[in-house]
Structures are given as structure tokens and as C-alpha cells.
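Some notes on the structure that comes next.
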Amino acid sequence: MSLKNRSRMAVFFLSLLVWFMLTDITDLQEVILGTIVAIFVSLVAGHFLITTEKRHHIFRRIGYSLLYIVKFTWEIIKANVHVAYLVVHPKVPINPGIVKIKTKLTKESAMTILANSITLTPGTLTVDINPEKQELYIHCIDVHSKKIEDNTKDIGNRFEKILMEIFE
Amino acid sequence: MIREIIGYGLIYIGIAFDFFGVLGLVRLPDIYNRLQAATKSVTFGTGGILLGIFILQGFNNFGFKAILGIIFIFLTSPTAAHAISHAAHRSNIKLDEKTVVDQYAEDNENKE
């Protein structure tokens, strides 16, 4: 099966799943309508989801995805506690600034996920991405150093290795 | 019984973190720092409330809708934050006085 059709199949089953989660399945009518809508969606916009062949086997990638979700949840809890600490502190101890980091990821999907993860982790917010130069601009609530290498190690490397396994 | 304790506990924790997020919106200085508070608290705050609803309701219509809500919040919240901060920076909204470094502005000046 070609890559485009495989992508369309994936989109079809995903949208069908979302449909079944949204509706109470009480009769056949809803199943038929959902199938028709899912087919339409996958024909129109299905070829965007999977665009490149991946290096690793699917099970390995699913394993790393689960690891990523666990790590991500932990980072989110840390981020929330961090923000709560900052705002209840009487002096609001912040030291903000926008820094630049480098990333080794090349795929656009991987960089998007990395940017979103960085936004949700403690004290950082992605302002812009430069896909050609593989650079991300991060607004840090507490800047430690102005060197690109230091910041790359601090901010980017938390997720980069796992995302490398999943997306590249 | 245990399910109710965990569910209501998550809802209360979520409300608490949402409250801290709103407090951050008021107390932090400029738009970028405020976005930080807004995006972070919404994930665990609102996400926690929805997860609590899922645990209380179980695997039925309500529960699945709550799970979908969590997924969409996690996808859209950082994207919106990126769009807002990017737009703010482009329209030259100043960073706070406490700001130590702005490498994004430096790079953009070199381009022009």
C-alpha cells in the first residue's frame, strides 16, 4: 500500500474513533453517518498525517510514545507547581528573557511536538521556530545563561531523544 | 467510594491550579510572562477537572467527551500561546524591564 493510502487509512480510523467517542452509539444510523463522514474527511485531508517513512518499527515507536506521555505528564505537574510557586511568592521572583536553542530534529511534525512540549514544561514558552536553521526561540521565565549551548542542554534535550526515536 | 474521592480530589486540585493561573495573569508583569501562567495552569487545571469528570463518570458518553477535551486542550493551548506571543513580538510589544536578554529581536534586526 502506498504511503498516501496508508495515511488516509490512519485518518479514517482516527476520525471514526473520535466520532464514536462523541456520540452515544444507539442505532445503525449513527454508525453509517459516521463512516460516511470519516471517509469524506480521509479523502479530503487524509494525506497530511503520514508523509515520510520512519526508521524504527511501530512497536518500538509506540513504546517510546508511552514513555513520552509519562515524562510529559511529570513535566506538566512540575510546571504547574512552579507557576503556582511564582505567583504566590510575595516578590514574584522572575528573571525573564527570550533565548535561542538549537535542535537536532528535522521533521516538521517532530519540531511542532517539541515546541508544544517546551511550552508546557516549567518556565518556558516557544515564541517562534525557524525550521531551516533548526532553531527555536524560547521565552524563559528564569534565564540562567545567555549561551545557546547551555540553553539547548537545559531546555531542548529533555524531550529531544525520545522524539527522535518516535518521529525520525 | 474510592472513585468518588479520587474524582472529586482531581476536580478540586484542578480548580486550585486554575485559580493560580488567574492569579498569575494578574500578578506577572508583561504579556509573555502572563501567557506562561495562562498556558501552564490550563493544562493541569482544566485537564485535572476533565480527568476528574472522566473518573467519576467512567467509560460512557460523558467520560469519553472529557478525554477528548483533554486531548484538544493539550493540542491547542500551546499553539494559541505561540500564536499570541509571536504576534505580540511582531507588533513590537515591549518586554518587561526585568528582562535580561532578547535573542529573538537581535536575530530579527540582523535580517532586516
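The conditions of being in contact with a helix residue (DSSP H, G or I) (Cβ under 8 Å, 6 or more places away or on another chain), under 27 Å from B:Ile70 (Cβ atoms) and β-branched (Val, Ile, Thr) are not met by A:Val70.
Of the residues making up region B:60-112, those that are more than 9 Å from chain A (Cβ to nearest Cβ), at pLDDT below 80 and more than 20 Å from A:Asn130 (Cα to Cα) are B:Ile93, B:Lys94, B:Glu97. Annotation for region A:61-81: no member residue is acidic (Asp, Glu) and surrounded by fewer than 14 Cβ atoms within 10 Å (Cβ to Cβ). In region A:1-44, the qualifying residues are those that are in contact with a helix residue (DSSP H, G or I) (Cβ under 6 Å, 6 or more places away or on another chain) and outside any helix (DSSP H, G or I), and the one that is modelled with the lowest pLDDT is A:Asp24.
The values are calculated or read from the model by the stated rules, or taken from the named source; none is laboratory data. Since this is a predicted model, take the numbers as computed values, not measurements. Neighbour counts run over all protein chains shown; Cβ positions are idealised from the backbone, glycine included.
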